[in-house]
Each structure stands twice: as structure tokens, then as C-alpha cells.
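The structure appears right after this line, and notes come after that.
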Amino acid sequence: MSSGLTRRRGGGGNTNDAETSNGASRSHSSAGVRDSGPETSYENSENGHKIAFDPRDISESAERSKQPKLTLMDEVVLLGLKDKQGYLSFWNDNISYALRGCIVIELAFRGRISMQNDPSRRRFPLADRIIEVIDDTLTGEVLLDEALKMMKQSEKMSVGTWIDLMSGETWNLMKIGYQLKQVRERLCKGLVDKGILRTEKRNFLLFDMATHPVADGGAKDEIRRRVRNVLTQRTVVLPGSQFLPENLEFRYIRTISMICAAYAANVLENALTTLGHEARERAFTQTDELLAEYSQWPFGRKPSSTGIGANIPQVIAEEVNGAKNKELQLEVVAACLSVFTRLDSLL
């Protein structure tokens, strides 16, 4: 199974990094996944000349306009990144696994995958339930599209199995090709394309390494504020921004998923450094409770023991009730969070 990249087209900044990091090109696209439209189309300009364009640029631009500027993976990487040094901790093994879980969650939020609609699935734990592709339209995000293609072309497998395989956690040599390579570095390059990070070279004793310091601190500041809002306020209100638009579907479920993923990735503390010791401990207690409530399906509704986020069960219920036809997608989110509880136990 190839793990090549798909070229990011139009509006995505410099495409050379995305193309060369794994030596892939559009030729890796498979017939099993729909690339919306032909390779090239033409339209007449005012002077009568034909202008060539790729219809997929238009569909991907429309996709981006409906989504937040940053994916869940982007947000978790930003929380783990050292602002000035521009790299993640060398000793953090959990973040790689958590990022693969974020890929599955993001695909579910974007309506690309869901649980298989089989009533007998309820006999199995959430993480062991089978997921399927329900929309194979590319998202324009390289890692999401690579995972989506693999899911489309492969046999149907469970949430936990997919996260394990994409992380390289398998002894089956026939499935080693499912591993997503260089995820952290590719996410950082994507954040460079989005104007959030920049690229520098740093010398580490015997070798040079590309680092990615923060170029636009506004994005990371907004993520930190959102985390502290959910984990410290009695009534949680999430203001709209380019990173969490007002009209975005599942705004609160998405934010809780990001916090739980950051917790599992062992980077959540980086958003809580301005809190005192007691407030930080309450924030971690609240995170434990959120992870417990939202790693089950249907989502739990037990009020917080800390008094923090008293309105969260109600706003989450409203989001779920407003999208009854998407419950199978939200079940995937809950399943991924249940996988994170296993990782959390290792922290």
C-alpha cells in the first residue's frame, strides 16, 4: 500500500514541500477514490483566450471555506511546539499516536467516514467497531486525503485498528504500508503554508535540522485561550474566530476532542502554564472527566464534579440533536476518544 502524498493544488501556498517530502505526485491518485472533475478544464476570458484551470481547485476552495483554518492535528502540534525553538519534544512518544487519532476524528467531522450502520456493532467496544468511507471527495488536506484513500481502497477495519496501523503499531508485515510517515514534519510544513510557522535551520551537535518557529502567534494564543476557557470557566462560551467559525458544525464537540487529544499527546500542560497550581490541577481533573464522558456513545451527560463547564452537557446535547443524521460520524469521534483513554493511562 503506497503512502504517497497528493499534490496540494491552489490556495495552499508553496506546494514544493508537500510534493517532495515523500516523492509523490498526482500519479498516485487511485481510480478507487473520486477526484472531482477532469485534470484540466478551460474557460474563455474577456479577450477570447482560453484559461486552463483544475476544477478540483474550486471544490477544495469550497471545502476550505466551510472548515476552520486549522485541523485538529494542526492544533495539537501547535500546542506541543516550542515557540522560539520550533520543534517538538524529542521525548514525547504519545503525540505521534494521538495525531493519527486526530486524523480519524477530523475525517468524521468532515463527513468522510462513519461507523458501519450495522445494529450488531453495539456488541463490540467502541474502538472495535468498523468504520467505512461515506464520501470519498478529497479534502485538500494532504494527510487527510492520504488516510481517506487508504480507507477507501482497503478492507473495512475498526477505529482502533486504523489508528494502530497508521501509527505503525503492527507486527503484520503485510500491513506495514498503512503507516503514515513523517506526520509531525508534514504538519509543520502545512502550517508554514498557512502562515502560522516559518522554517529555519538549526544545528544540533553533528547535524542540521529544519525547525519551524511560530511566525503568527495569534493562532496559538487563540488555542490556549479556548483550552483555558473550557477547563476553567463555570459557563463556557466559545467566541467565533477564523480558527473556530460561528457557523462551524460541532464547535463544542470539536473543541473537547482537541483538548482530549492534546491531553493524550501529553502537550495539554503547555496551554495551562499561566494558571496557578490549584487551578491547573482542577483543569486536569476537568479534562479527565471530559475524556470519560465523551469516550462513550451516546455521550455522557454527568455534570462536572469541579463545577467547571456546567453548560457543556446541554450545548453538546444541542449539537447532537441538531445533527441526528450524523450520529454515526460522532460515534467515530467517541471511539477515537476511547482509544485515547488507553494512551492516557500511559502518561
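The values are calculated or read from the model by the stated rules, or taken from the named source; none is laboratory data. Keep in mind it's a predicted model, so treat the numbers as computed, not measured. No Cβ is skipped: glycine too gets one built from the backbone with ideal geometry, and neighbour counts run over all protein chains shown. These area figures cover heavy atoms from the full protein model, side chains too; ligands, DNA and RNA do not enter into them. Shrake-Rupley method; radii C 1.70, N 1.55, O 1.52, S 1.80 Å.
Some observations on this one:
- Taking the listed residues Q182, Q153, the one that is touching a Gly at 6+ places or on another chain (Cβ under 6 Å) and either more than 30 Å from Q314 (Cα to Cα) or among the small types (G, A, S) (or both) is Q153, with no other qualifying.
- Top-ranked residue of region 292-307 - restricted to ones that are part of a loop (DSSP other than H, G, I, E, B) and at pLDDT 95 or above, ranked as most open to solvent (accessible area, probe 1.4 Å): P298
- Matching residues in region 234-261 - criterion: being open to solvent by less than 60 Å² (accessible area, probe 1.4 Å) and part of a loop (DSSP other than H, G, I, E, B): V236, L238, G240, F243, P245, L248, F250
- Near pairs, Cβ below 6 angstrom, 6+ apart or cross-chain, from region 182-195 (over 18 Å from Q242 (Cβ atoms)) to any residue that is open to solvent by 10 Å² or more (accessible area, probe 1.4 Å) and in a helix (DSSP H, G or I): K189/D17
- Residues located in region 311-332, provided they are within 20 Å of V237 (Cβ to Cβ) and either modelled with pLDDT under 95 or part of a helix (DSSP H, G or I) (or both): I312, P313, Q314, V315, I316, A317, E318, E319, V320, N321
- Only residues that are in contact with a Lys or Arg (Cβ under 9 Å, 6 or more places away or on another chain), open to solvent by less than 100 Å² (accessible area, probe 1.4 Å) and in contact (Cβ under 8 Å) with a residue 40 or more places away in the chain were counted across region 266-278, and they come to 4.
- The condition of being β-branched (V, I, T), within 17 Å of L70 (Cβ to Cβ) and at pLDDT below 95 holds for only one of V230, V214, that being V214.
- Enumeration of residues in region 115-166 that are over 24 Å from D193 (Cα atoms), crowded, with 22+ Cβ neighbours inside 10 Å and β-branched (V, I, T): I131, V159, I163
- Of the criteria (1) farther than 18 Å from I95 by Cβ; (2) in a loop (DSSP other than H, G, I, E, B), which one D208 fails: (2)
- Residue in region 208-219 that is under 19 Å from G101 (Cα atoms), of a type in the set (G, A, S), buried (at least 19 other Cβ atoms within 10 Å of the Cβ) and under 20 Å from the mean Cα position of the chain (by Cα) present: no
- Single match in L231, L191, L187, L180 (criterion: more than 20 Å from I259 (Cα to Cα) and either loosely packed, with under 14 Cβ neighbours inside 10 Å or hydrophobic (A, V, I, L, M, F, W, C) (or both)): L180
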